[in-house]
1. On C-alpha positions alone, give me the angle between the axis of helix 234-265 and the longest principal axis of the chain, in degrees, nearest 10.
2. Could you list the square roots of 5 times each eigenvalue of the Cα gyration tensor of the chain, that is, the equivalent ellipsoid semi-axes, sorted largest first and rounded to whole Å?
3. How long are the semi-axes of the ellipsoid equivalent to segment 132-200, from square roots of 5 times the Cα gyration tensor eigenvalues, in whole Å, largest first?
4. Test of understanding: what is the full-extension gain from T226 to Y279, defined as 0.36 nm times their sequence separation minus their Cα-Cα distance?
5. If you average 1/r over every pair of different alpha-carbon atoms in segment 22-130 and take one over that average, what Kirkwood value in Å do you get?
6. So for M285, M1, what's the accessible-area order with a 1.4 Å probe, most first?
7. Rounded, prolate or oblate: which fits segment 63-104, taking a ≥ b ≥ c as square roots of the Cα gyration tensor eigenvalues, rounded meaning a/c under 1.5, else prolate when a/b beats b/c?
8. Could you please put E105, E57 in sequence from largest to smallest accessible area, using a 1.4 Å probe?
Amino acid sequence: MDISVIVPLYNEAESLPELNAWIRKVMEDNHFSYEVIYVDDGSNDNSWDEIHKLAAEDTEHVKAASFRRNYGKSPALNTGFRLAQGDVVITMDADLQDSPDEIPELYRMIKEDGYDLVSGYKQKRYDPLSKTIPTKLFNATARKVSGITNLHDFNCGLKAYRHEVVKHVEVYGDMHRYIPYLAKLQGFNRIGEKVVHHQARKYGKTKFGLDRFVNGYLDLATLWFTGKFGKKPMHFFGLLGSLMFFLGFVSVIIVGAVKLYNMHTGAHYILVTDSPYFYLSLVLMLLGSQLFLAGFVGELVVRNSPKRNEYEIKETIGENYHKNEN
């Protein structure tokens, strides 16, 4: 199969017939073998009924799954990734803001140009300033932290993936914003971008509020930390804890030495316990000890994880490897 199109949706009943017809036209015009996978994220309108109609009209190409309640876009995409069978997987939103006419070029970039992932870039957006300005700041931060400097729009719903990518990337929480970063962490480094047409929303209203920007930064920090220190937590907590404990210990010695010096010279002195620096030093030592112990506990968790020695192998040569695996 050439292409799997994954469409996560929540309360998009009005747009589904038009979107499905548009996808079908593009596929037939380009002679692609394909499937369209709709993942209903617990809609409370008649979206699932519309999907039933579409599947009844085209049993060969339309597939679908429905959640019992609303979980979010990331779980919907992850479910679609598990179901996808196409050589190239395309994701797009159901609100008609993503154009299916972009599919042939996205497919070509994966198959001919050799990209693992191609992300859409909505260079000209039909969104209010209250959305576009935070988006620019968000993308600038994501580029800096992830190191994927050629992407301008991490959160664009229109993306294309090589089949192997979606089978190795787990999308959870709200991590759909960072799928390119997740792919990079799994070793898929050939990540490209394509300027795509962004259409004004035709039906309904957006399902995302400004809180997504706050959550987005928190998720980005989580990804950065787990990607850098996920298998070696002591390298972060142990180093930081040791540094804080050392500074606190040196500070205590300085406070005591200053008192002894003043006593020896007959200068005015105060009790060590009357000095605020003494207590600041103790706080540094206590925090340092706790951070070090946190790193130690993290190492115990990692060492006891059944996946501690699982690494992504791109390919192998020879039969011995497969014999050893068995």
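1. Orientation of helix 234-265: about 20 degrees from the principal axis.
2. 52, 25, 18
3. Each semi-axis is the square root of five times an eigenvalue, giving 19, 14, 12 Å.
4. Numbers: separation 53, 0.36 × 53 = 19.08 nm, distance 3.33 nm.
So the extension gain works out to 15.8 nm.
5. It is 15.6 Å.
6. The residues order as M1, M285, largest area first.
7. Because a/c hits 1.5 or more and a/b fails to exceed b/c, segment 63-104 counts as oblate.
8. Accessible-area ranking of E105, E57, largest first: E57, E105.
The values are calculated or read from the model by the stated rules, or taken from the named source; none is laboratory data. Owing to the predicted nature of the structure, the values given are computational and were not obtained by experimental measurement. Accessible surface areas use protein heavy atoms only, side chains included; no ligands, DNA or RNA. Shrake-Rupley method; radii C 1.70, N 1.55, O 1.52, S 1.80 Å.
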